[in-house]
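Trainee: What follows is a structure written as structure tokens; I'll ask about it next.
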Amino acid sequence: MRFSLEPRVSAPIWLNLALPVAAVAASMILCGGLIALAGANPVSAYAIMLKSALGGRNQIAETLVKAAPMILTGLAAVVAFRAKFWNIGAEGQLLAGAMAAVFIGTQPGLPTWSLVPLMLLASIAAGALCAAVPALLKQELKVDETICTLLLNFIILYAMMALLSGPWKDPVSGWADSPNIRMDAEFPILLHRTRLHLGILLAAVAAAAVWILFKKTTLGFGIDAVGENPRAAMHAGLNVKRLILVAAMTSGALAGLAGAGEVGGVQYQVLASISQGYGYSGLVVATLARLHPAGVIPAAVFLAAITVGADEMSRQTGVPVYLADVIQGIALLCMLIALIFIRYRVRIRVRAAA
């Protein structure tokens, strides 16, 4: 008996829908074994996680607050990856957007009405600029964008730490935190007595805008064409360099917007821990969504629910809170395996007896 993989001409719709669900289910089953090894009941632990993340109005609001930056960094990965520009720098672009938002939000001379729009524009510009650098280096000097964007994460992080330990350091308390933004610059709260802020609405609007970009516009078609076959796109008259640069800058802008959301709606300042790995979580979100904007929101909510629920599960069962990161990693691996079966079908050949 021999097993072989044959390329599919096209995958059926039910398979495209079922395999991501199967990947998530497989990751939960595998992590259930780790919970059992930690001495807890997996069913009870997952029930606590679910209730803590989605068990009421406040819990759902907290999950959405966590999901907002993941939606935006997930969309950032979707836009870049569909152009085959491997942007691993959403984490740094988020930090750049956060710093730009604080710079604008602390300016005393700006009129009240302009603070939030200018914070958003500044964060978008900062993220786009950080993504444009590796895109230009790739096009002009053939620098690998994966390495470049990854290393830029650390450059931006250390630049931020230099600011927090220097010009932004509080001279009274000595804490390495930036000044608080003005109260007028804080994002409006959408649901009373929760932290559900404007950033969640912006993330949803961004997801709709990216869907429209790829579904309804020639720009989105051009980005997809470049990602599928840049040589054919060039022969068809498309400006490949310009489209890659636009995709990269759009990707960075979305990640930068996530930084503005954390500043304007959650922290109100830049902290060393302002991002809990949201830029890297966005890669998992985009993979689970199969680079489709419509799938980014449920994928981000799933990961956010795990993150929020893991804290309470850890308190009640003693299971390490880092299990949330393990689930994310295993979900990513399971989804990558699932993608093999979307692209290929398994053929079983039985050898006849001699």
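Trainee: Mind checking which aspartates and glutamates have their C-alpha under 20 Å from residue 51, skipping anything on the same chain fewer than 8 residues away?
Mentor: Correct list for residue 51: 62, 311, 312, 325.
Trainee: Using 20 Å as the Cα-Cα cut-off, could you pick out the over-long pairs in 216/241; 142/241; 84/241; 138/215; 66/215?
Mentor: Table pairs above 20 Å Cα-Cα are 216/241; 138/215; 66/215.
Trainee: About its Cα centre, what dipole magnitude does the chain give when the only charges are +1 on Lys and Arg Cβ and -1 on Asp and Glu Cβ, stated in debye to the nearest 20?
Mentor: Around 1420 debye, computed over the chain.
Trainee: If I stretch the segment between residue 311 and residue 165 completely, what's the gain in nm (0.36 nm per residue apart, minus their alpha carbon distance), one decimal?
Mentor: Extending this stretch completely gives an extra 49.6 nm.
Trainee: Average the reciprocal distances over every distinct pair of alpha-carbons in the chain, invert the result, and give the Kirkwood radius in Å.
Mentor: 21.6
Trainee: Amide H neighbours of residue 344 under 5 Å, counting only residues 5+ apart in sequence or on other chains, H built in-plane at 1.01 Å?
Mentor: 8
Trainee: Sticking with this one: For the chain, what is the mean residue ellipticity at 222 nm derived from helices alone (per DSSP H run of n ≥ 4: -39500 (n - 2.57); sum divided by total residues; nearest 500 deg cm²/dmol)?
Mentor: So the helix-based figure for the chain works out to -24000 deg cm²/dmol.
Trainee: Would you tally the net charge around residue 151, using a Cβ to Cβ cut-off of less than 12 Å, leaving residue 151 out, and scoring K and R as +1, D and E as -1?
Mentor: -3
Trainee: Can you work out D for region 124-195 in µm² s⁻¹ from Stokes-Einstein, where Rh is the Kirkwood radius over C-alpha pairs, the temperature is 25 °C and the viscosity is 0.890 mPa s?
Mentor: 160
Trainee: Next question, about the same structure. Each residue of region 126-137 in turn: what ³J(HN,Hα) in whole Hz from Karplus with 6.51, -1.76, 1.60 and θ = phi - 60°, glycine and Pro shown as x?
Mentor: So the J values, rounded to whole Hz, are 5, x, 5, 5, 5, 7, 5, 4, x, 5, 5, 5.
Trainee: Using only alpha carbon pairs under 8 Å that are at least six residues apart, calculate the relative contact order of the chain and give it in whole percent.
Mentor: 37
Trainee: With an 8 Å cut-off on Cα pairs and a minimum separation of 6 or more residues, tell me the relative contact order of region 251-354 in percent.
Mentor: Across region 251-354, relative contact order equals 19 percent.
Trainee: Between residue 341 and residue 224, what is the spin-label point distance in nm, taking each point 7 Å from the Cα along the Cα→C-beta axis?
Mentor: 2.6
Trainee: Another question, then. Give me the net charge of residue 245's neighbourhood, meaning all other residues with Cβ under 12 Å from the Cβ of residue 245; Lys, Arg count +1, Asp, Glu -1.
Mentor: For residues surrounding residue 245, the net value is +1.
Trainee: For a label point 7 angstrom out from the Cα of residue 175 toward its Cβ, which stretches of region 260-298 have the backbone nitrogen within less than 20 Å?
Mentor: So the set is 260-277.
Trainee: Taking the Cβ of residue 224 as the center, what net charge do the other residues with Cβ under 11 Å away carry, scoring Lys and Arg +1 and Asp and Glu -1?
Mentor: Every neighbour counted, the sum reads +2.
Trainee: Convert each backbone phi in region 200-205 into a coupling constant with the Karplus relation 6.51 cos²θ - 1.76 cosθ + 1.60 (shift: θ = phi - 60°), then list the ³J(HN,Hα) values in order as whole Hz, x for Gly and Pro.
Mentor: Result, rounded to whole Hz: 5, 5, 5, 5, 5, 5.
Trainee: If you count only protein heavy atoms with a 1.4 Å probe, what accessible area per residue comes out for the chain, rounded to a whole Å²?
Mentor: Using a 1.4 Å probe on heavy atoms only, each residue of the chain averages 49 Å².
Trainee: Further question on the same structure: Of 37, 151, 72, which has the largest mean-square fluctuation in a 10 Å C-alpha GNM of the chain?
Mentor: Sorting by GNM fluctuation, first place goes to 37.
The values are calculated or read from the model by the stated rules, or taken from the named source; none is laboratory data. As the structure is a prediction and not an experimental result, all values here were calculated from the model. Positions of Cβ are generated from backbone atoms using ideal geometry, with glycine treated the same way; all protein chains shown enter the neighbour counts. These accessible areas exclude ligands, DNA and RNA; they are computed on the full protein's heavy atoms, side chains included. Shrake-Rupley method; radii C 1.70, N 1.55, O 1.52, S 1.80 Å.
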